[in-house]
Structures are given as C-alpha cells and as structure tokens.
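> Once you've had a glance at the structure underneath, I'll fire off some questions.
The values are calculated or read from the model by the stated rules, or taken from the named source; none is laboratory data. What you see is a predicted model; the values in this text were computed from it and never measured. Please note: Cβ atoms are built from the backbone with ideal geometry, for glycine as well, and neighbour counts cover all protein chains shown. Note: areas computed on protein heavy atoms with side chains; ligands, DNA, RNA excluded. Shrake-Rupley method; radii C 1.70, N 1.55, O 1.52, S 1.80 Å.
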Amino acid sequence: MNLLTIFAVAFALGIDAFSLSIGIGLNGVKRQQMYLVSGVVAIFHIIMPLIGLYLGQALGKFVGPIAGTFGAIILIFIGGQELWEHFKGKKHDDPAPKEFDAASITNPFNLILMALCVSLDALTVGFGLGAIRVDVTLTVIIMGIVAGLMTHAGLIFGKKLSISVGEKAEILGGIILILIGIKLLFV
C-alpha cells in the first residue's frame, strides 16, 4: 500500500470523527476541549487498528457487523442525551441560555465511548493490515494524525456554525448525532 492510499484510507476512517465532531462543536466547546477530544480520537485511531491486527481476520468476520451496530447505538444514545439535557434545562424556565456542559464531553466515560464509536471502523481495517504488506507503524500513525486533525476541524466548523445557528445549536447537534447513528444502523 503506497502513501497516497494510506492517506485515503485514513481520510475515509476520519469521516465519522469529522461528522460527529461537528455535532459536538455545535454545542460550543472550548479550545482545551477541542485538543482533548481530538487527541483522544487520534489515539483511538492508532490503537484500534493495532487491536484489529492482533485479533486476526477470523474474529473480524464476527466482530465487524457487531462493531458498526454498537457504534450506531452509542451515537444515538449520545445525541438523545444531548436532546434530553437541552429540553430538561428548558423546564426550569431559566431565562439564561443553557451553556454546553463541558463535563459531558470531557467526562472520561463519555469521551472514551465517543472515541471508541468513531474508531470502530479502524478496528476492522486493522484486521486486514496483517494480510497485506504495509508498514503498520507508519500506517496507524497516519490514521491517528488524520483522524485527530479531522476531529479538530469538525469541532471548529461546528463551533463557528453554532454562532450563526444560535440557541438551536444544541438541538441541531443532538439531531445530527442521532441521524448519523441511524444511518450507521441501516447502512
């Protein structure tokens, strides 16, 4: 596999992270959170192909279909949780706009679930890495860097978009996450 092909695969794997991060960015994130989320996604896009490589192709036939469904359910859950928090906050008739709860994205459990969700497809790619002649170290590092950069770009784009969308950004972000999860369930 040549370098251009590795970057193409890395870009394809980073699309989920980019899409998801737009939804997160719509809710407003701080610079420190952007670096944290991007870094964790990058690390997972390095670890997951390595795990896939070591588990082998036999297990890949079993885990592959389940991984996609699991990821889709997590996305729907996170999107639903965002919508729930938004509408739950509205019941108190608080005149101040609801701020994005920074703890929800930096909470280790939520952050790991999100990173795991967007990197599950990298796990299945890892199953195939052992079957072809590829520099595994270089490949997974490129995958991680590209996924991290795409995540960061999505967060920035979502944050800038939220300025123009205003108060409805949290609702839109939750709906985007749910729609991506539904799409993954049926594709």
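> Regarding Gly23, is this residue under 16 Å from the mean Cα position of the chain (by Cα), surrounded by 15 or more Cβ atoms within 10 Å (Cβ to Cβ), under 18 Å from Leu113 (Cα atoms) and not β-branched (Val, Ile, Thr)?
Yes: the conditions hold for Gly23.
> A further question on this structure: Taking the condition of being among the small types (Gly, Ala, Ser) and touching a Ser or Thr at 6+ places or on another chain (Cβ under 6 Å), how many residues in segment 1-43 meet it?
Final tally of qualifying residues: 4.
> Oh, and also: Return a yes/no flag: does segment 97-110 have any residue that is at pLDDT 75 or above, over 25 Å from Phe11 (Cβ atoms), open to solvent by 70 Å² or more (accessible area, probe 1.4 Å) and in a helix (DSSP H, G or I).
yes
> Report whether or not Ile141 is among the aliphatic types (A, V, I, L, M), modelled with pLDDT of 85 or more and open to solvent by 10 Å² or more (accessible area, probe 1.4 Å).
So Ile141 passes the test.
> Check Phe7, Phe44 and return the single one that is open to solvent by 30 Å² or more (accessible area, probe 1.4 Å) and over 12 Å from the mean Cα position of the chain (by Cα).
The conditions single out Phe7.
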